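The values are calculated or read from the model by the stated rules, or taken from the named source; none is laboratory data. From a predicted model like this one, the values you see are computed outputs, not experimental measurements. Methodologically, a virtual Cβ is constructed for each residue, glycine included, from the backbone with ideal geometry; neighbour enumeration extends over all protein chains shown. The accessibility values were calculated without ligands, DNA or RNA, using every heavy atom of the protein model including side chains. Shrake-Rupley method; radii C 1.70, N 1.55, O 1.52, S 1.80 Å.
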Number of protein chains: 2
Amino acid sequence: MKVLVALGGNAILRRGEKGTAEEQMANVRATARHLVKIAAGGSRMAVTHGNGPQVGDILLKEEMTKDAFPPMPLDVCGAESQGMLGYMLHQGMESELRAAGLPTHVVSLVSQTVVDARDPAFSNPTKPVGPFYTEAEARGLRSERGWTLVNDAGRGFRRVVPSPEPLEIVESGVVRTLFEEGVVVISSGGGGVPVVREPDGTLRGVEAVLDKDRTAALLALTLKADVLLILTDVDAVYLDYGKPLARPIRTLNASEAEARLSDGQFPAGSMGPKIQSAVRFVRGGGKRAVIASLQLAERALDGEAGTTVVA
Amino acid sequence: MKVLVALGGNAILRRGEKGTAEEQMANVRATARHLVKIAAGGSRMAVTHGNGPQVGDILLKEEMTKDAFPPMPLDVCGAESQGMLGYMLHQGMESELRAAGLPTHVVSLVSQTVVDARDPAFSNPTKPVGPFYTEAEARGLRSERGWTLVNDAGRGFRRVVPSPEPLEIVESGVVRTLFEEGVVVISSGGGGVPVVREPDGTLRGVEAVLDKDRTAALLALTLKADVLLILTDVDAVYLDYGKPLARPIRTLNASEAEARLSDGQFPAGSMGPKIQSAVRFVRGGGKRAVIASLQLAERALDGEAGTTVVA
């Protein structure tokens, strides 16, 4: 079986932790132990991951040191986070594969994802990034740096950036080659650094963020994976989540999933993009998408836990 | 011809520049234009690069924000710089290859290099990294973080870390596969993140820095490259460099190079490691190592400029 695993931020940095390198490395090792069970079952595996907390910290550090250093734009900060997380995941996976007596062919790529410069998201930025500002600071940033800032429920002003649709994985040929050869490829971290193609075909980074699950669906189709396995911090997708009658969904077809999305069962800020990505993957030719917690990864892949979405 | 190009820091960030992302990207594009001439000549090419200025900035930012965020150790900072520089180099190379009408198969890897935990460098750290401290701060850091700090000629105290010998490139199999398939592989940035193998075979990052030219020699041998092309900010290696009778060396064999190293012609802080790496490469089976400036890269590869070292 060919599996693309999409790891949530909690696979690397857990809520309430300080975020030391030791904590993150320990979490990554624990994550890798779960993933190695999938490889041990004979499946071919590729890995992608979120970068929210890490790129958030990098942005705050850039802001705090802006009088001493020119602040790096979002695309460069995203690439830095890929380096950091790719390093940790590569080291964790290789170490756990070795401990399990399995082949240790692992690689981690610095990844770019092409978006359309005319994507409507660019005229409607919605994703908050970076620190909070006072109203006066916000005015200054609007005029000096051309940022869009919104007033965030009394906590101050915050920059918002577009979240365009991922269209093409720049290094797709390489990822496919390595995946076919059985290498555990770690790529498209944080959804990939968003870039646009200029009219002359060259690439240019843009100030945007990508949804890692949407890129994961695209990557899974690019790899012709059988299964897109989205690992998050809940054991399954729920109907009426957070309400007294909340109940887990075991299987769901694409049409049912879309109907529930329309009903507002899966909010945009949490389960929504995962369900949309699952639907996109199975409609695009993937066999099934599975949403589960990290701890249940192996059982979910066997259809014994989590939520399975089929066409 | 199969060529490994080792880029110096000046290929990305030039002395006197502020280090904005725009400046670095423009430098990378200019660098890529020179390298694309090599690819256009029909050579297969891989690229490695330094990370000194960039990891230096990351370390200073970590220090300036240490009250708000747990500072990341050197290995993680090195991986971040690989993400940043790998992204810029990939984008620059792909764009310039496309502009030249050449195939655009480029990839950038997050790279680790194995060193020996018993390397004598670990008991004799010599490479200064990070900011300057007062004597009182230095005392605190010695006891709290176990750092070695030295008094740097009246400018204050500075942390020194080991620079051990690179022994093995962790992702060597993947780099070789991709290189053989004609992909321009960008890897081992900053010499690779230094790691040691634990007794159980797993990997662990260490607080050290690697010399990027030493790793380049190892990588060039791993790739069975014909030529190791070390690009720096001088047009060639000189005898009596900086003196009235300074004269460029056109060719040099390994024994001559070693004799001149013993004479002190090539200081440890500048040309020394490049000459040592050139000698290591040709003694290890490489056809020739060439040291030249970026502007002369193509001509130097043809033996018409720079300094060529042969066995």
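Answer with yes or no whether residue B:10 is free of Cβ contacts under 8 Å to residues at least 40 places away in the same chain, assigned to a helix (DSSP H, G or I) and within 18 Å of the chain's Cα centre (by Cα).
Taking the combined requirement at face value, the residue does not satisfy it.
Matching residues to (1) in contact (Cβ under 8 Å) with a residue 60 or more places away in the chain; (2) open to solvent by less than 10 Å² (accessible area, probe 1.4 Å):
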{"site": "A:228", "(1), (2)": "yes, yes"}
{"site": "A:238", "(1), (2)": "no, no"}
{"site": "A:255", "(1), (2)": "no, no"}
{"site": "A:263", "(1), (2)": "no, no"}
{"site": "A:270", "(1), (2)": "no, no"}
{"site": "A:276", "(1), (2)": "yes, no"}
{"site": "A:297", "(1), (2)": "yes, yes"}
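Can you find, within the range B:202-217, the residue that is farthest from the other protein chains (Cβ to nearest Cβ) among those that are within 15 Å of residue B:113 (Cβ to Cβ), part of a loop (DSSP other than H, G, I, E, B) and over 12 Å from the mean Cα position of the chain (by Cα)?
B:208
Of the residues B:222, B:177, B:232, B:215, only one is without any contact (Cβ under 8 Å) to a residue 12 or more places away in the chain and at negative phi; which?
Only one candidate passes the filter, namely B:177.
Within the range A:41-87, count every residue that is open to solvent by less than 30 Å² (accessible area, probe 1.4 Å), charged (D, E, K, R) and either more than 7 Å from chain B (Cβ to nearest Cβ) or on the phi > 0 side of the Ramachandran plot (or both).
Residues flagged as open to solvent by less than 30 Å² (accessible area, probe 1.4 Å), charged (D, E, K, R) and either more than 7 Å from chain B (Cβ to nearest Cβ) or on the phi > 0 side of the Ramachandran plot (or both) within the range A:41-87 amount to 2.
For the range A:254-270, how many residues are over 17 Å from residue A:236 (Cα atoms) and either touching a Gly at 6+ places or on another chain (Cβ under 7 Å) or polar (S, T, N, Q) (or both)?
Number satisfying all stated conditions: 2.
Take the range B:35-50 and flag every residue that is at pLDDT below 95 and not basic (Lys, Arg).
B:38, B:39, B:40, B:41, B:42, B:43
I'd like to verify a number: residues in the range A:235-260 that are charged (D, E, K, R) and on the phi > 0 side of the Ramachandran plot, how many?
Selection size over the range A:235-260: 1.
Give me the pairs, please: first residue somewhere in the range A:123-141 and within 8 Å of residue A:156 (Cβ to Cβ) and not assigned by TED's automatic domain parsing to the domain that holds residue A:211, second residue anywhere and modelled with pLDDT under 95 and open to solvent by 80 Å² or more (accessible area, probe 1.4 Å), beta-carbon distance under 6 Å, and either six or more positions apart or on two chains.
Matching pairs, first to second residue: A:132/A:155.
Sort out for me the strands (runs of 3 or more DSSP E) sitting completely within the range B:218-311 that have 1 or more residues that are within 21 Å of residue B:44 (Cβ to Cβ).
Correct list: B:227-232, B:288-293, B:307-310.
Just wondering, is there one or more residues in the range B:10-20 that are more than 12 Å from every other protein chain (Cβ to nearest Cβ), small (Gly, Ala, Ser) and open to solvent by less than 10 Å² (accessible area, probe 1.4 Å)?
Yes - at least one qualifying residue is present in the range B:10-20.
Report, by residue number, each residue of the range A:166-201 that is part of a loop (DSSP other than H, G, I, E, B), open to solvent by less than 10 Å² (accessible area, probe 1.4 Å) and under 13 Å from residue B:90 (Cβ atoms).
Residues satisfying the conditions are A:171, A:187, A:192.
When you look at residue B:128, is it surrounded by 14 or more Cβ atoms within 10 Å (Cβ to Cβ) and more than 30 Å from residue A:189 (Cα to Cα), yes or no?
yes
Going through the range B:88-124 one residue at a time, which ones are facing another protein chain (nearest Cβ under 10 Å) and charged (D, E, K, R)?
B:94, B:96, B:98, listed by residue number.
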